[in-house]
Every structure is written in structure tokens, then in C-alpha cells.
1. If each of D499 and T357 carries a label point 7 Å out from its Cα toward its Cβ, how far apart are those two points in nm?
2. Could you rank the peptides 309-321, 23-35 by their average count of other C-beta atoms within 10 Å per residue, with the highest value first?
3. HN-Hα J couplings of the range 238-253 from phi, Karplus 6.51/-1.76/1.60, θ = phi - 60°, integer Hz, Gly and Pro as x?
4. Contact order normalised by length for the chain, with contacts defined as Cα pairs under 8 Å and 6 or more residues apart; what percent is it?
5. What does the charge add up to near I423, with Lys and Arg as +1, Asp and Glu as -1, over the other residues with Cβ less than 10 Å from its Cβ?
6. Taking amide H positions as placed 1.01 Å from N in the peptide plane, with prolines and chain starts having none, which residues 5 or more places from V145, or on another chain, fall under 5 Å of its amide H?
7. With a 1.4 Å probe and every protein chain left in place, work out the accessible area per residue of the chain in Å², rounded to a whole number.
8. Would you mind calculating the gained length between A403 and R55 on full extension (0.36 nm times residue separation, minus the Cα-Cα distance), in nm to one decimal?
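The values are calculated or read from the model by the stated rules, or taken from the named source; none is laboratory data. Please read all numbers here as calculations on a predicted model, not as lab measurements. So basically every Cβ, Gly included, is an ideal-geometry build from the backbone, and we count neighbours across all protein chains shown. For accessibility, only protein heavy atoms count, side chains too; no ligands or nucleic acids. Shrake-Rupley method; radii C 1.70, N 1.55, O 1.52, S 1.80 Å.
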Amino acid sequence: MSRQIVSVVGGKEAAVAGTYTSLNPARTGEVVARVGLADAGTFAAACRTAKEAQREWARVPAPVRGRVIASIGRLVEANAERLARLVTEEIGKPYAEALGEVREIVDTCDFFLGEGRRLYGQTVPSEMPDKNLFTFRNPIGVAAVVTAGNFPVAVPSWYLVPALLCGNAVVWKPAEYAAASAEAMFRLFTASGLPDGVLNIVFAGGADTFDGLELALGEGTVQKVGFTGSSEVGRKVGELAGRHLQSACLELGGKNPMVIMPDADLDLAVEGALFSGFGTAGQRCTSLGTVIVHESVHDEFVERFARALHAADIGDPAGDVLAGPLLDQKFADRYEEFLTWLQPHHKVASGNVGRITEDNPRGDFDGGEGLYYHPVIVDGVQPGDRLFLEETFGPIVGVTSFATLDEAIELANLPGYGLSSSIYTTNAKHAFRFREGISAGMVSVNNSTSGAEAHLPFGGNGKSGNGSRQSGMWVLDQFTRWQSMNWDHSGRLQKAQMDVAEIEPDLDFRLP
Ligand code: NAD
């Protein structure tokens, strides 16, 4: 069923300057939504509207805002299957994973509804008598949030829920290819009773978004930029925010390593590599990039990994499959480019490569009209290879080997990303040595590189982000600013550091 979708600003439909057609990647002849795109001026206007609405929203007591978050959670829960089906239809994510993604919104709401009654400040002792010190968390103002479409609802909720709870207004710019899923989620959020203008959704292309953001930052209507997407665009958005003395929340790409020690449970490692390498057709920010496997178990691992991949189901994402199609034509085009990075020293351990078609089928599956690609295991990747160094968003996993754990850690850090990582070992010493040495923000032990929980900090370092963290209590620092207050009720001017009582110690004292 095709939908017509436009931006909503201050509760009203906004002007349309262009169009985008969101297609079902499993059957590209099917239109999921026709999307009216806004221009830079509309983006900036949305930020002005949000600024107006934010003042009143910030005055709503935090526990009451928490109740609104509770309502959002219940609304999402009640509509979970419908929303998940739409996610599957629009981006080809297997239904079970789509349902899990929707569940993550509910978990996020469940966490933050209580934060409305917590949002603690502190009372702090003063160095002077008759003086009280306090800290408060203040909302920042307006958050402009730009998101990718591979997690079209869960990842945006990591911004929207805490931002709203903390008393901010939001302008959300979702990815074009996931517009219908985003719009459905927006409807569920606003059904909670959020006042008009507190949450706005703007559909726009990348260039217009950048220009709109630049205008809004210049006008002083945006106090926080949240960006989830590629490292390349994140760098530009981060620079722009920096010019306005703001530190954006940047959640970017990954080249996530999995180290397999000789003492690892290989069956478990194969299962983890399969899920994190090829689930969502390798299009998670936390997807497995390179398996770094000890030389003594290398051959056996590659053989078992290839066998497991061969047995995995790839096909209609509405069914019970490991992976469906690529998200959108843009990703299929880029993935075909990644395949050109294969070199003669690489050994494809998985069989066919390229698009699944009648002439290049996967068993009896010919891909039909979908953007389906053969999943690829590439053995023999080397540290200088593009396949080793760069994010290859799609169903391709490299394999290389190592001799010592130190060497494995060096290899794991070499690409310079730092989002997620994993080690398979039965030795606690190896696990902790790896944790210490790895530059990633997230470390799994005997688990895949994917799989965030809503109350654990999520985020990366290096090319994966600027150290900001989402989820749990840690994200509160993105959406509030600490304010300190001192209140002197002594009736006189007491000067800090100068009018402080001194208690003289006898520092020459020594035990007999
Ligand atoms: P992208 O960077 O192309 O686009 C992300 C968003 O930015 C979209 O909404 C897009 O319209 C917008 N955009 C594009 N150009 C822009 C510009 N110049 N200025 C402002 N906005 C612009 O990313 P993508 O290809 O859609 O998504 C995949 C990438 O996102 C991968 O690299 C993946 O690893 C990353 N990702 C990271 C996380 C995380 O939490 N770290 C989560 C999901 C995806």
C-alpha cells in the first residue's frame, strides 16, 4: 500500500519542495511511500517552531513528561506488529529483527519514564558556613536529529525519548529510504499528547538538511545536533556544529573486529560471526567487519563458517530468514563497489558473489525483483587492503589470522574505527587483555559484535564517533546541561577560597 508523506512542523503539514519514492527493496516494483521533501528553509523554520514550543514543554514537570514517555511506550507496544511489518516492507529487515527493533523503543521508553522522577541534581557541601550549593540538569533547548535508515525506529528513539524527557524540543530528519517507518513512529509519538511543535519531522535530502542545519545554527535555534550515519557525513556535520561551538552527538560507521582465540568454542564463534556478519545483510553499524582468527584454528573456522553460511536462508524478509535484501538501491550500488575491492590474493570461501539473479542464483532462489546479494566470506585479507581498512556496509566479511593476542589487538584497532568488537575465548585473562587494548566503545565476550541493550551506553570512538554515548543514564549528558547554583544565607559577602576557615595541622608530627 503506497502512502503520501510530508513533513509535519508545529502540528501542520509543511511545504513540499521535491519528492522521493521509497520502495520495497524485496520487490522494487512496489512503492511503499511517496515522500514530499522539504528544503533548507523549511528545516530552519522547523527549528524556529521547535524553539517556541520548547519553552512551555520545559515547564511541564519532569515526572509529567515521564508519563508522556510512558504513553509513547504503550502506544508503540500496542502497534508493535504493524510498525515492524512496515519496517520489513520498507527496508527489508527480517521481521523477527524488525520486531526486536520495535521492542527496543519500548525498552527505551520503559527506562526513561522513570527518569522523569529521577533526573537528579545534587546538593553539594560548601567550603563556607551558611551557604548551600546545588546542581541542576537543564534542558539544552532544541535538538536537531538526523538519522540513518538501517535502524529506522530504534536508533531514532535513542535520541527522541531522552531528549523529550529532559524537556527539549526536537526536529527529526530521518533517512529518505526509511521515511514511511519514521512517519509511523512519529504518529505514535505525537498520539501520546505531545504539544504541537515539541516534536517535528522533516523529510529532506542530505544537502538541504546540511544547509537547513547551517541556517538554524546561525539563527541560534538549535542547541544540540544528533547525527547517526556514515563517518563521511558525520565529519561534515561535526565540523559544522563545531563552528557554532557545539559538540554534536555523532554515531557513525564501524569496521567491527571479532578475535577468535585458539581456546574459543568454535561452534559458538561461528554462530556469532554468522549473525553479526550477515544478519540484516551486514547493514548494521555493529556488523562484523573482519574475523581475526588464531592461525591454529583458522582453517577449521573458515570451513565451518562457510558451511554455516551455505546453510543459512536468504530471502523474503517477511519469512524466517537470516537476511533479506539490501536496504535500498543506494546501498546496492555502493555494495557493488565494495566487491570491486576483491583482489587476486583474496580467497572467496563462500561461493557465488554479486547480485542474486536467475543467472546467478542462490540454490533455487533467484532474487526476483529484490536487491538480494550473495553473502561473501573473503579469506586472506591483509592490513593494507581496502576490504580490511574501510567499512563495507553489506553482506561481506573478511578473515585474517594472527599468532599472538597482542598482534590480534593491533590488527583489530588498525582500521581506526572503534564502535563494537568481540572476542571468543574461554580464558578470562584474554578477555580482559582484549578489553583493555581494544579502542572500541563496546566489547563483547563470547557474543557477536551486534546487540545493544537499551540501558547500556552505546557509541564509538575514532572514525565511529566523537565519544558521545547514547542509551541509559549516560545519554542524559547529551540532552541536559549542568547548572550549578550557590546560595549564601550568611547575610555577608563570603569570598570563595579567601574567607575559608583553616584548621591548622601539625604536619611535623611523627610516630615514635
Ligand atoms: P548517510 O551518512 O548517508 O546518511 C545518514 C543521514 O544523514 C540521512 O538521513 C541522510 O539523508 C543525511 N545526510 C546525508 N548527507 C547529509 C549532509 N551532507 N548533511 C546532513 N545530513 C546528511 O548514512 P546512511 O548511508 O544512510 O547510513 C549508513 C551509515 O550509518 C553506515 O555507515 C552505518 O554504519 C551508520 N550507522 C551508524 C549507527 C551508529 O549508531 N553508530 C547506527 C546506524 C547506522
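1. Result: 8.3 nm between the two label points.
2. Ranking, from highest mean packing down: 23-35, 309-321.
3. Karplus-based 3J(HN,Hα) across the range 238-253 equals x, 5, 4, 4, x, 4, 9, 6, 10, 9, 6, 8, 10, 10, 10, x Hz.
4. About 18 percent, as a whole number.
5. +2
6. Here the answer is V171, W172, K173, G226, since their amide H atoms fall under 5 Å of that of V145.
7. With the other protein chains kept in place, the chain gives 43 Å² per residue.
8. Here the answer is 119.3 nm.
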